[in-house]
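What follows is a short report on a single structure.
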Amino acid sequence: MSKYFYTILLSISLLFSFLTIFNVHAHSGKARFHVIVDVDGAADDLRTLSMLLGNREIEVLSINSSNGALTPAETANRISALLKEFFNEGVPVGVGREVKSVEPEWRDMSRKINWGDSISTQNILQVAPALIKETLDNEEEKVTYLALGSLTNLSDLFSLLHKKKNKIDR
């Protein structure tokens with residue numbers, strides 16, 4: 001009986017070791033997708049950024065704020081807080097220009113959503129079109145531009161530099 005028990009225990013241990021070894025080494029460590037994200041500070045942006053930052057198949061190259069649910073400055077502050085909470089302070093944050101438009105009805109609700117400790121964040125923020133240009137210049141791979149907010153940052157970039165639009169894959 002004890003010999004049978006030890007054989008089963010050894011088999012289970014070997015199977016577990018075998019599965020663990022291949023599971024740990026299955027990922028190459030290189031992201032498949034390189035993404036620039038543009039957000040306006042709405043609740044869906046918080047969820048999307050959380051999923052992107054937690055996915056090892058995606059490298060978030062920069063995050064830019066645009067006018068929308070919150071002002072670009074408010075959104076950039078919240079992005080910095082979220083990056084700090086996720087231990088991703090190295091991701092650069094860009095601030096878009098504020099567009100003089102009617103505030104959306106949900107702005108007050110968006111201000112109440114907690115993205116992290118925004119008081120202790122002190123990231124260096126860049127102007128969004130300049131950050132997008134710098135990110136595209138420094139990246140060798142094709143880039144996916146994920147626009148969850150308005151397209152003002154991308155429009156401002158294209159009005160300055162027409163040739164950079166060929167670098168964006170999607």
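Given the residues P92, P129, P104, which is the only one that is at pLDDT 90 or above and farther than 25 Å from K30 by Cα? Let's see the steps before the verdict.
Values: P92 fails: farther than 25 Å from K30 by Cα; P104 fails: at pLDDT 90 or above.
Just a single option satisfies the conditions, and that option is P129.
Assuming L136 fulfils every condition listed in (1) open to solvent by 40 Å² or more (accessible area, probe 1.4 Å); (2) on the phi < 0 side of the Ramachandran plot apart from one, which condition is it?
Only one criterion in (1) open to solvent by 40 Å² or more (accessible area, probe 1.4 Å); (2) on the phi < 0 side of the Ramachandran plot is unmet by L136, namely (1).
Can you run down the residue pairs with Cβ atoms below 9 Å, 6 or more apart or on separate chains, where the first is in the stretch 37-61 and under 22 Å from K112 (Cα atoms) and the partner is β-branched (V, I, T) and loosely packed, with under 15 Cβ neighbours inside 10 Å?
G41/I113; A42/I113; A43/I113; L46/I113
Regarding L83, is this residue under 10 Å from the mean Cα position of the chain (by Cα) and open to solvent by less than 40 Å² (accessible area, probe 1.4 Å)?
So L83 passes the test.
Is at least one residue of the stretch 43-56 part of a helix (DSSP H, G or I), charged (D, E, K, R), open to solvent by 10 Å² or more (accessible area, probe 1.4 Å) and at negative phi?
yes
Among T135, T144, which is modelled with pLDDT of 90 or more and under 16 Å from L53 (Cα atoms)? Working first, answer last.
Details: T135 fails: under 16 Å from L53 (Cα atoms).
Criteria check complete, one pass: T144.
The values are calculated or read from the model by the stated rules, or taken from the named source; none is laboratory data. Just so you know, these numbers come straight off a predicted model, no measurement behind them. Backbone-built Cβ (ideal geometry, glycine too); neighbour counts: all protein chains shown. Surface areas here come from the heavy atoms of the whole protein model, side chains and all, with no ligands, DNA or RNA. Shrake-Rupley method; radii C 1.70, N 1.55, O 1.52, S 1.80 Å.
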